[in-house]
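Comments concern the structure below.
The values are calculated or read from the model by the stated rules, or taken from the named source; none is laboratory data. If you're wondering where the values come from, they're calculated on a predicted model, not measured in any experiment. Note: ideal-geometry Cβ built from the backbone for every residue, glycine included; neighbour counts use all protein chains shown.
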Amino acid sequence: MKVYHGSDIRIEKIDLQKSRDYLDFGKGFYVTLIRKHAHQRALRIAERNNTKPIITVFDYHELYPERHGMNVIKFSAVSTEWVEFVVMNRDEDIKQPAHNYDIVEGPIADDWVTSQIKNYQKGKITIQQLLKKIEHRELTHQICFCTSESLFSLEQIGYDDIYNTEEITNAIIEALMIDYKMDEKTAMDKLYFTKLYAQIADRETELHTKPWTELYEILKQELFT
């Protein structure tokens, strides 16, 4: 299974010691099945560090953990159990690591979801209200490799530079802002949730080689007709 890691460096060797604490599934090396998520993360990191974005591509050998008796948990969807697990891993009063899993797979708690989880922790909303708010959000996905042993499940197979894609998306976002009087966030949301964006991000379609103006015309057909 092909998975992606968005950053501003080429990952030659994974070093878990460089991983951050208090993330959704704890300290570990994170990848995703959804290339768009890796793309967006790489852009954020590169912008913050004034560097260039890069996606490292891996082959995740899913049978390896099973054959070697690893402790794996998978949250197939947002649930009470997933919320409690994320809260536990993000709690700075709990000694880390807060669990003994080698690999954890499930949805991402982005900034908006995290804010809703905090409302739940403060008693402002119930767990049922929290899950209701989250259930219609865009599908997200991440896998955390938490132990050195789990990293043997990953085989690095290459890099996917996103410079052309970034230039295309920036040009299209700017055009949407000018032509349709959108603010930047609205324009980004309009683009990122389209079929065209997924096709641009998929290198196999080779749409990233086409002029952005041609792709912009296709986008307008998808959005406004």
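Inspect region 111-123 for any residue being in contact (Cβ under 8 Å) with a residue 40 or more places away in the chain and farther than 18 Å from Val72 by Cβ and give the result as yes or no. No. Kindly establish whether Gln116 is in a helix (DSSP H, G or I), touching a Leu at 6+ places or on another chain (Cβ under 6 Å) and either in the same structural domain as Tyr64 (by TED's automatic domain parsing) or within 30 Å of Asn89 (Cα to Cα) (or both). Yes, satisfied. Residues of region 197-211 that are surrounded by fewer than 19 Cβ atoms within 10 Å (Cβ to Cβ) and either at pLDDT 90 or above or under 27 Å from Val3 (Cα atoms) (or both): Ala198, Gln199, Asp202, Arg203, Glu204, Thr205, Glu206, Thr209, Lys210. The listed residues are His99, His37, His61, and the only one of them that is surrounded by fewer than 18 Cβ atoms within 10 Å (Cβ to Cβ), touching a Phe, Trp or Tyr at 6+ places or on another chain (Cβ under 8 Å), within 20 Å of His141 (Cα to Cα) and touching a residue at least 60 places away in the same chain (Cβ under 8 Å) turns out to be His99. Can you give me the number of residues within region 63-118 that are modelled with pLDDT under 95, under 22 Å from the mean Cα position of the chain (by Cα) and either of a type in the set (D, E, K, R) or at positive phi (or both)? Qualifying residue count, region 63-118: 5.
Consider region 64-89. How many of its residues are in a helix (DSSP H, G or I) and closer than 19 Å to Thr32 by Cβ? Qualifying residue count for the region: 6.
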